[in-house]
1. Which residue out of Asp114, Asp137, Asp169, Asp131 is surrounded by fewer than 20 Cβ atoms within 10 Å (Cβ to Cβ) and modelled with pLDDT of 95 or more?
2. What number goes with the only condition from (1) within 18 Å of Thr120 (Cα to Cα); (2) assigned to a loop (DSSP other than H, G, I, E, B) that Tyr67 does not pass?
3. In this structure, is Val163 in contact (Cβ under 8 Å) with a residue 24 or more places away in the chain, out of contact with any Lys or Arg (no Cβ under 9 Å at 6 or more places or on another chain) and open to solvent by less than 10 Å² (accessible area, probe 1.4 Å)?
4. Of the residues Leu51, Leu68, which single one is modelled with pLDDT of 95 or more, surrounded by 14 or more Cβ atoms within 10 Å (Cβ to Cβ) and either closer than 15 Å to Lys111 by Cα or under 15 Å from the mean Cα position of the chain (by Cα) (or both)?
5. Read through the list (1) assigned to a helix (DSSP H, G or I); (2) under 14 Å from the mean Cα position of the chain (by Cα), then give the number of the only condition that Ile73 fails.
Amino acid sequence: MKKFLALTMVLAALLCSCGGGAAAGEGAGETAALDVNVDEVVNAALTTYGLVDGFVFTSSSTELGEYLDDDLIMGYYGDAVDVPDFTKVSEYCVYIDESDPNVFIDVGLFKLNDASYADTLMQYFQTRIDDKIAKADSGYPEIDVPTLEAATVEKYGDYVYYVISYDVDAITADIEAALGK
C-alpha cells in the first residue's frame with residue numbers, strides 16, 4: 001500500500017511539473033499568458049525602438065484623445081457599418097504613427113474580457129493592414145508595402161497583439177517574452 005501511495009504521489013508530481021493539468025480557468029489545450037500591464041509593455045517597445053512620432057492610445061486614460069473613442073475605433077479598425085466590439089477588451093495600449101502618410105507604424109496590445117473574441121479582433125487588425133496594401137496596389141506605389149506585408153497579428157492567452165514596424169520581429173519577440181510565450 002505504501003508503494004502504491006508513493007507511486008501515485010510521484011506520478012502526480014510529474015504530471016503537474018510537465019503541465020499535464022489545466023490551470024484554473026483554462027480548458028485543455030489553451031494557453032495562459034502572464035498578466036501584464038499593457039501600457040508598460042507597449043511603452044517599453046516604443047522606448048527601445050525609438051518610436052516617438054506617433055500617438056499612444058490607452059484604456060488607462062480618461063483624457064479625450066488619449067484613449068480610443070468610438071470615432072477613433074471606427075476610423076482605425078472598422079467602417080461606418082462594422083467596428084470591433086471594444087466592450088470585449090478590458091485593457092489596451094496602441095501606438096499609431098501616421099506622421100508619414102506612406103509609412104505605417106503600429107504597435108498594439110489588447111487584453112480581452114472574452115478570449116473567444118480574439119480571432120474576430122485579429123480579423124479587424126488584419127483588415128487594417130490589408131486595406132493599406134490594397135491602397136498601394138490601386139495607385140499609391142509610394143506606400144511602404146514590405147513593412148505592411150511583414151506585419152504580425154497574433155494572440156496568446158487572453159491577449160491579442162499586432163505590430164507593423166521595421167523592427168517587427170524584435171518588437172513581436174519582446175511582447176511575446178512579456179506575455180510568457
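The values are calculated or read from the model by the stated rules, or taken from the named source; none is laboratory data. These figures come from a predicted structure and were not determined experimentally. As a convention, Cβ positions derive from the backbone with ideal geometry for all residues, glycine included, and neighbour counts pool all protein chains shown. Ligands, DNA and RNA are excluded from the accessible area calculation, which covers all protein heavy atoms including side chains. Shrake-Rupley method; radii C 1.70, N 1.55, O 1.52, S 1.80 Å.
1. One residue alone meets the criteria, Asp169.
2. Unmet for Tyr67, out of (1) within 18 Å of Thr120 (Cα to Cα); (2) assigned to a loop (DSSP other than H, G, I, E, B): (1).
3. Judged against the criteria, Val163 is a match.
4. Leu68
5. Result: Ile73 passes all but (2).
One line per residue, one yes/no per condition, for (1) in a loop (DSSP other than H, G, I, E, B); (2) closer than 25 Å to Ser61 by Cα:
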{"position": "Pro84", "(1), (2)": "yes, yes"}
{"position": "Cys93", "(1), (2)": "no, yes"}
{"position": "Pro101", "(1), (2)": "yes, no"}
{"position": "Ile129", "(1), (2)": "no, no"}
{"position": "Glu142", "(1), (2)": "yes, no"}
{"position": "Pro146", "(1), (2)": "no, no"}
{"position": "Lys155", "(1), (2)": "no, yes"}
